[in-house]
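Asks: Before anything else, here's the structure in question.
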2 protein chains.
Amino acid sequence: MSEASVQPTRRERQREATYAEIVQVSRDLLAEGAELSLRAVAGRMGVTAPALYRYVANYQELVDLVAFEIDKAATEGFRAATETQPEDDPAARLLCASVAFRRWALGSPREFSLVFANPVADGACVRRDLLTSATSGHFFNALLIRVWEHHRFPHPELSELDPAVAQALEDPLYPIDLALVPEGHRGLLWVFMNAWAALYGVVTLEVFGHLDPRIIESGAIFAAMVHEWMPRLGMDAEQERLRALLASELAR
Amino acid sequence: MSEASVQPTRRERQREATYAEIVQVSRDLLAEGAELSLRAVAGRMGVTAPALYRYVANYQELVDLVAFEIDKAATEGFRAATETQPEDDPAARLLCASVAFRRWALGSPREFSLVFANPVADGACVRRDLLTSATSGHFFNALLIRVWEHHRFPHPELSELDPAVAQALEDPLYPIDLALVPEGHRGLLWVFMNAWAALYGVVTLEVFGHLDPRIIESGAIFAAMVHEWMPRLGMDAEQERLRALLASELAR
DNA sequence: TCAGACTTGTGAACGGTGTTCACCGTAAAC
DNA sequence: GTTTACGGTGAACACCGTTCACAAGTCTGA
């Protein structure tokens, strides 16, 4: 009966705990404004740098690991933001999550850069199993689908799209839970990607400061982008209510 | 008659030449995929690293310097792209410049990151005098104003905008040539900033690869963004012609 | 129980980085 | 012709990522 690995062995638990400590220490360093380096992480763990090579193959892998965990934690924050709104009001939920995303990015620019302005983890990301679970990509995608289920905004058919796009939407590479996208409505993913591009774009622009700081501070560019998108997501009818909600969320 | 500094002295010319060499060598390094480092630049110049401290105060200042010069050179490329179109067709010119911007960014991601994904030069940028001359910001702003002069698309009045925005538009901080913006049409700058956010956003998203590579390669997200913006810039009437031009430019 | 294998950490070393500092020629300035 | 300032050097410091031989400790299996 060597049916192992159903229960984690002591060794495995220890190893997992060490991974957790590596991530925790790394996040502490980033939060303190320090550089994320193998030696700094090791030092703070009371260990020498080469020891970390038992857990990550190189520096980039440490970065990928930390980036993934930061994304996961941040997404938990976005989820909390949605839950200030009733479950049957997905538009309000998406709106709150978007504002939370912006707030997090502006408040933690180093973490944001690590996750979203890093040359993409080129496929060889460690612990890929975790990549299938909660990431901000999955989360926002799910949120938008909920909005669609509620408001039934229009989306293109695959046949109307660039063939390359249609093919990409047939079997998407990136964090998207295909089980969530309704049968026959793959075109929704195209709307999602465009919305994501708009959100990502404005927030990145603000984080990197390539804009008048007074305008960043006011949130006007972000608000304008959201206003622009509301009709496309079937929120025309309640525009006033949602604009008010956006303004109050931005002011927090 | 010690009326100096009207003609550059031999020393000053030598110094300027050294700056030029620093920039040139740095750009070579980046183009070769190598890291941009003081020691590497110095080494290739046949000089030791501390010597560079006679020209830049620290590494960040080297980066700022190189970033500025890269931006300047890239802008020259965008200008060349506009000149494939007739002068009285500013819409086509803007379109070509935008495609050139995207092409440059995707083709030189390291350079793009240096210029546009660097924590903004925090006011203390060296050789600030040069900041007033040609940058991509100035260039695209001028281009958009030309489009407005030709197509007279609508723009908001300052009084309709968020007061913080209105104030920022009264005396803008960032590369904008106020002499170019027509009297009483400061609201144009708001359109410009929104358009810039959209362009910057999509291109940054593509460069950092936070999107299905097949979709990036097809240029579909970029095209969708441009299509979205055409009506707002008064290009409705010629949409077909301009869409065709966009497609052919993207295919190059 | 005991030997062997595997895991995890160490210390030393290598080559790389930015940065400082004392020093020193040479070229410009008076 | 003397003085000053500029531009360059070499050595050093403190970091960085990375490798490698080695030493414990722990788990495994006969």
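Asks: Considering only helices (runs of 4 or more DSSP H) fully contained in region B:162-220, which possess at least 2 residues that are more than 8 Å from every other protein chain (Cβ to nearest Cβ)?
Replies: Numbers: elements: B:163-170, B:187-208, B:213-218.
In region B:162-220, the matching helices (runs of 4 or more DSSP H) lie at B:163-170, B:187-208.
Asks: A further question on this structure: Looking at (1) over 23 Å from A:ASN118 (Cα atoms); (2) near DNA strand C (Cβ under 9 Å from one of its atoms), which is the one condition that is false for A:PRO8?
Replies: The number of the failed condition is (2).
Asks: Does B:PHE68 qualify as being at pLDDT below 95 and crowded, with 21+ Cβ neighbours inside 10 Å?
Replies: yes
Asks: Please state which one of A:GLU21, A:GLU16 is assigned to a helix (DSSP H, G or I), within 11 Å of DNA strand C (Cβ to nearest atom) and at pLDDT below 95.
Replies: Residue meeting the stated conditions: A:GLU16.
Asks: Go through region A:32-42 residue by residue and tally those that are more than 7 Å from DNA strand D (Cβ to nearest atom) and in a helix (DSSP H, G or I).
Replies: Qualifying residue count for the region: 2.
Asks: Regarding A:SER108, is this residue away from DNA strand C (no atom under 12 Å from the Cβ), outside the structural domain of A:ASP236 (by TED's automatic domain parsing) and among the polar types (S, T, N, Q)? Step through it out loud before you land on a result.
Replies: Details: away from DNA strand C (no atom under 12 Å from the Cβ): yes; outside the structural domain of A:ASP236 (by TED's automatic domain parsing): no; among the polar types (S, T, N, Q): yes.
Criteria not met by A:SER108.
Asks: Do the conditions hold for A:LEU36, that is, is it touching a Lys or Arg at 6+ places or on another chain (Cβ under 9 Å), among the hydrophobic types (A, V, I, L, M, F, W, C) and within 16 Å of DNA strand C (Cβ to nearest atom)?
Replies: Judged against the criteria, A:LEU36 is a match.
Asks: Same structure, new question: Would you call A:LEU62 closer than 14 Å to A:GLU111 by Cα, within 19 Å of the chain's Cα centre (by Cα) and within 16 Å of DNA strand C (Cβ to nearest atom)?
Replies: yes
Asks: For region B:163-185, which residues satisfy the criterion of being surrounded by 12 or more Cβ atoms within 10 Å (Cβ to Cβ) and under 25 Å from B:PHE116 (Cβ atoms)?
Replies: Passing the criteria: B:ALA164, B:VAL165, B:ALA168, B:LEU169, B:PRO172, B:LEU173, B:TYR174, B:PRO175, B:ILE176, B:ASP177, B:LEU180, B:VAL181.
Asks: I would also like to ask the following. Are any of the residues in region A:236-247 within 16 Å of B:PRO163 (Cα to Cα), outside any helix (DSSP H, G or I) and modelled with pLDDT of 95 or more?
Replies: no
Asks: So which residues in region A:166-180 are out of contact with any Ser or Thr (no Cβ under 6 Å at 6 or more places or on another chain) and closer than 22 Å to A:LEU233 by Cβ?
Replies: A:ALA166, A:ALA168, A:LEU169, A:PRO172, A:TYR174, A:ILE176, A:ASP177, A:LEU178, A:ALA179, A:LEU180
Asks: Before we move on, is B:GLN85 out of contact with any Gly (no Cβ under 8 Å at 6 or more places or on another chain) and assigned by TED's automatic domain parsing to the domain that holds B:LEU245? Give the derivation first.
Replies: Details: out of contact with any Gly (no Cβ under 8 Å at 6 or more places or on another chain): yes; assigned by TED's automatic domain parsing to the domain that holds B:LEU245: yes.
For B:GLN85, the condition - out of contact with any Gly (no Cβ under 8 Å at 6 or more places or on another chain) and assigned by TED's automatic domain parsing to the domain that holds B:LEU245 - is met.
Asks: Within region A:79-130, track down each residue that is away from chain B (no Cβ under 14 Å), at pLDDT 95 or above and not in a helix (DSSP H, G or I).
Replies: Across region A:79-130, the qualifying residues are A:GLU83, A:THR84, A:GLN85, A:PRO86, A:GLU87, A:ASP88, A:ASP89.
Asks: Can you find even one residue in region B:189-207 that is crowded, with 17+ Cβ neighbours inside 10 Å and over 20 Å from the mean Cα position of the chain (by Cα)?
Replies: no
The values are calculated or read from the model by the stated rules, or taken from the named source; none is laboratory data. For clarity, every value in this text was computed on a predicted model and none was experimentally measured. In this analysis, Cβ positions are derived from the backbone assuming ideal geometry, glycine residues included, and neighbour counts consider all displayed protein chains.
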